[in-house]
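The values are calculated or read from the model by the stated rules, or taken from the named source; none is laboratory data. None of the values given here were measured: they were computed from a predicted structure. All Cβ positions, even for glycine, are placed from backbone atoms using ideal geometry, and neighbour counts span all protein chains on display. Each accessible area value is taken on the protein alone, full model and side chains, heavy atoms only, with ligands, DNA and RNA left out. Shrake-Rupley method; radii C 1.70, N 1.55, O 1.52, S 1.80 Å.
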Amino acid sequence: VSGSKRCARGPMTDPASRALAFSDAGEPRFWWHHLPRGDYVPPLYANLSDKEWQLMQAWFEETNGTNLVGECAVPIMSLLQGLVMGSSIRRIVQLGTHAGYSALLLGFFLRQMGASQGLCTFEIGEPLRDFTCGWIERAGLSGQIHVELRRSPDPLSPQLARD
């Protein structure tokens, strides 16, 4: 993360240090990492492979640099992780990707569960769709995630989500 002393040293391989990657970052998007007693790694990040974690660090750096901040926070994604993985949910429809934070994490969950083509996400903005698709490709999640450039109320959307 830009401005973080800990990230400047290179990729971290110790999952216990992942929460610390954001502790020096002053951006408001990292508020969770500044909470009292927040000096542990939430399972959301601890469960990622080194390669997945490095990709997420690169995603944060790029979205900081391009002002694409707007993802849901650690508590919401932690709840979704518990719901999806704890209930073995293998088919998800998402309305709106923004820059792809939740799509990437949901894709990682699905891949860990051995689920393919489990996330259909709808985005109405072509630039955001293209940005997200680029990161999905980079993460190797094309087998888990399909991104549709379409409004959710479109009459074709329910069938596309089912397919």
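Hey, what number do you get for the chain at 222 nm if only DSSP H runs of n ≥ 4 count, each worth -39500 (n - 2.57), divided across all residues, to the nearest 500? Each step should come with its number before you reach the end.
Values: 7 runs with 70 residues, N = 163.
When only DSSP H runs of four or more count, the value is -12500 deg cm²/dmol.
Taking amide hydrogens as modeled 1.01 Å from N in the peptide plane, which residues meet the under 5 Å criterion relative to I92, leaving out close sequence neighbours?
L119, C120
Could you list which residues have their amide H under 5 Å from that of C72, counting only those 5 or more apart in sequence or on another chain, with H placed in the peptide plane?
S102
Roughly how many Å² is the accessible area per residue of region 37-84, as a whole number, for a 1.4 Å probe? Don't jump to the answer; show the numbers that get you there.
On the way: 2390 Å² over 48 residues.
In whole numbers, region 37-84 has 50 Å² accessible per residue.
Determine the share of the chain's accessible area contributed by carbon and sulfur atoms, expressed in whole percent, with a 1.4 angstrom probe.
Values: 4600 of 8270 Å².
Within the chain, the accessible surface is 56 percent carbon and sulfur.
Relative to the present Cα-Cα distance, how much length would full extension add between L35 and Q112 at 0.36 nm per residue of separation? List each step's numbers first, then the result.
On the way: separation 77, 0.36 × 77 = 27.72 nm, distance 2.88 nm.
Length difference between fully extended and current span is 24.8 nm.
Highest mean first, how do 31-39, 71-79, 105-113 rank when packing is the count of other Cβ atoms within 10 Å averaged over residues?
Numbers: 31-39: 11.7, 71-79: 15.2, 105-113: 21.7.
Averaged packing, sorted descending, gives the order 105-113, 71-79, 31-39.
Quick one: go through region 42-60 and flag any residue whose amide nitrogen is under 19 Å from the point 7 Å out along the Cα-to-Cβ line of V69.
Backbone N within reach: 56-60.
Report the relative contact order of the chain, percent, no decimals, based on alpha-carbon pairs under 8 angstrom and at least 6 residues apart. Spell out each step's value before the answer.
Numbers: 211 pairs, mean separation 27.4, N = 163.
Reported relative contact order: 17 percent.
Apply the Karplus curve 6.51 cos²θ - 1.76 cosθ + 1.60, θ = phi - 60°, to the phi angles in region 77-91 and return the couplings in whole Hz, x for Gly and Pro.
5, 5, 4, 5, 4, x, 5, 5, 6, x, 10, 6, 6, 10, 9
Quickly rank 83-96, 143-156 as a protection proxy: mean count of other C-beta atoms within 10 Å, highest first.
Numbers: 83-96: 14.1, 143-156: 15.6.
Packing order, densest peptide first, comes out as 143-156, 83-96.
Could you order C133, C120 so the one with the most accessible surface comes first? Probe is 1.4 Å.
C133, C120
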